[in-house]
Amino acid sequence: MTKLTPQPGIMDIALYQGGASHVEGVSNIVKLSSNENPFGPPVSAQEAFKREAGQLHRYPPTDHRALREAIGEVHGLNPAQIICGVGSDEIITFLCQAYAGPGTEVLHTEHGFAMYRISALAAGATPVEVKEHERTTDVDAILAGVTDKTRLVFIANPNNPTGTMISNAQIKRLADGIPPSCLLVLDGAYAEYVEGYDGGAALVHKRQNVVMTRTFSKMYGLGGLRVGWGYAPQAVIDVLNRVRGPFNLSTPALAAAEAAVRDLDYAERCRAENTKWRAWLAEGLAELGVPSDTSTANFILARFGSEAEAHACDDHLKSEGILVRRVGGYNLPNCLRITVGDEASCRRVVHAVRQFKESQS
C-alpha cells in the first residue's frame with residue numbers, strides 16, 4: 001500500500017510556537033512576548049467592530065475596497081495596488097505560493113522572521129539563509145547569496161527580533177542589485193514605529209519587482225483580528241489576487257482596520273509612548289549590564305553573557321509574572337526579546353532583571 005505523504009518540505013517545518021500568555025500558579029501577568037500594543041486597539045476600531053455585529057450572516061466584500069481606499073488615502077498610495085490578507089503573514093504566503101516552488105530559492109537573513117522560511121518550505125522552495133552583520137541586515141551578503149534560482153528576497157525593516165533597520169539608501173542598493181526575475185519583499189510590520197519612514201512604498205513606485213507588506217497587528221493593536229496588507233506593482237497584485245481566497249477577511253475585521261488606519265492621533269500617541277519607554281527600558285537594562293542594539297520597533301533584544309544566563313533570567317521573569325520571548329530559534333540563544341509595554345510594565349521588567357542580577361552576584 002502506498003504511504004500517504006505530504007509535499008516535500010512540509011515536514012521540515014517546525015511547529016510555530018507563539019508567545020506565552022500565562023504561567024501556572026502566577027497571577028498579575030504582564031505579557032511582553034508577542035510585540036502587542038500595550039494600549040490595545042483604538043476606541044474607533046472597537047466601535048466599528050461592534051457596529052458589524054448585526055450583519056454577521058452576510059458574506060464580507062471580496063474586493064476589500066473600503067479598506068484599500070482608506071489605506072491609500074492615509075499613506076498616499078494607489079488603492080488598486082493594495083492587497084489585504086489575514087495578517088501580513090498571508091501576503092508572505094501568497095508571494096511564495098505564486099512566485100516560488102520546487103527548484104527555486106527564497107532568501108532571508110539569519111535572524112529574519114520565521115514565516116519566510118516556513119512559507120518557502122510550504123511552497124516547495126528551498127529557503128536560503130544569509131548572514132547579518134552584528135544583527136543587522138547585510139546588503140552585500142544578500143546580493144552575494146542571490147543565484148539564478150532566487151525568486152524572492154525577504155527583509156524585515158525594522159527587523160524582528162533584532163529591532164535593527166537599514167537605511168533607504170541601503171534598501172535602494174539592494175533593489176538595484178537583484179535581478180528583475182527576483183522579487184524584493186520589504187516587510188514593514190514595524191514601519192509605523194519609525195517616524196517619517198514609508199516602509200519602502202517609494203521604491204514600489206519605481207520598480208517592477210519590489211513589494212511592501214504591512215500589518216494592523218502591531219501599532220493598531222488588532223492582532224486578534226489578523227489584518228495585513230501589501231503594496232506592489234499592478235502586475236504582482238493581479239497575480240496575488242488569483243491565489244487569495246475571496247472571503248479571506250471578515251466584515252468586522254475590515255471595518256475595525258479601516259477605522260484604525262484613519263485614527264492618526266491614536267497612532268501618533270502610541271508611537272510617542274513607545275519611543276519614550278523603549279529608550280527608558282534599553283537604558284535601564286544597559287545600566288544592569290544587559291545591552292541591546294538600537295531598536296526602531298516596539299521591542300528590544302536584550303543580550304546576556306550566555307544562553308544559560310538568558311534562560312535563567314527568563315525563568316526569574318516568569319516567576320515574577322513577566323512573559324518575554326526566548327529567541328534561540330532565531331539563532332540568538334543568549335538573547336531575550338522584550339516588548340515595550342506601558343510605563344508600569346517597563347518598570348517591572350527593569351526591577352525584576354535587577355533582582356536577577358543581584359541574585360547572581
(message) I'd like the distance separating the alpha-carbon centroids of the stretch 210-231 and the stretch 284-361, in whole Å.
(response) 26
(request) Express as a percent, rounded to the nearest 5, the fraction of DSSP beta bridges in the chain (both residues included) that run antiparallel. (result) 45
(request) Check the straight Cα-Cα distances from residue 31 and name the aspartates and glutamates below 20 Å, setting aside those fewer than 8 residues away within the same chain. (result) 273, 314, 315, 320, 342, 343
(message) Just to confirm a number: summing +1 for Lys and Arg and -1 for Asp and Glu over residues other than residue 138 whose beta-carbon lies under 15 angstrom from that of residue 138, what do you get?
(response) -3
(request) Would you work out which of 288, 115, 251 lies farthest towards the positive end of the dipole of the chain? Charges go on Cβ: Lys and Arg +1, Asp and Glu -1. (result) 251
(request) Report, as a whole number in µm² per second, the diffusion coefficient that Stokes-Einstein gives for the chain at 37 °C and 0.692 mPa s using the Kirkwood radius over alpha carbon pairs. (result) 155
(message) Whole angstrom only: what separates the Cα centroid of the stretch 158-204 from the Cα centroid of the stretch 68-90?
(response) 17
(message) To the nearest 20 Debye, how big is the dipole of the chain about its Cα centre, given +1 on the beta carbon of each Lys and Arg and -1 on that of each Asp and Glu?
(response) 620
(request) Could you work out which residue, out of 294, 164, 339, moves most in a Gaussian network model of the chain, that is, has the largest mean-square fluctuation with Cα springs under 10 Å? (result) 294
(message) Run lengths n ≥ 4 of DSSP H only: what is the helix-derived mean residue ellipticity at 222 nm for the chain, with -39500 (n - 2.57) per run over all residues, to the nearest 500?
(response) -12000 deg cm²/dmol
(request) Restricting things to alpha carbons, find the Rg to Rh ratio for the stretch 266-349 using the Kirkwood radius for Rh. (result) 0.97
(message) Can you tell me, using C-alpha contacts under 8 Å and at least 6 residues apart, the relative contact order of the stretch 43-262 as a whole percent?
(response) 29
(message) Could you give me D for the stretch 43-187, from Stokes-Einstein at 25 °C and 0.890 mPa s, where the hydrodynamic radius is the Kirkwood radius over C-alpha pairs? Units µm² s⁻¹, please.
(response) 144
(message) Going by average Cβ density within 10 Å per residue, which order do the peptides 87-98, 200-211, 269-280 take, highest to lowest?
(response) 87-98, 200-211, 269-280
(request) Give the cross-link partners of residue 149 among the lysines, using a straight C-alpha distance below 30 Å as the criterion and excluding same-chain residues fewer than 8 apart. (result) 131, 172, 206
(message) Straight-line reach from residue 357: which lysines fall under 19 Å, measuring Cα to Cα and dropping same-chain residues less than 8 apart?
(response) 318
(message) Could you tell me the extents of the stretch 204-361's C-alpha atoms along the three principal axes, largest first, rounded to whole Å?
(response) 60, 33, 29
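We did not get these values from a lab; they are worked out from the coordinates using the rules stated. Here the structure is a predicted model, which means the values were calculated and not measured. Glycine also receives a Cβ, built like all others from the backbone with ideal geometry; neighbour counts cover every protein chain displayed.
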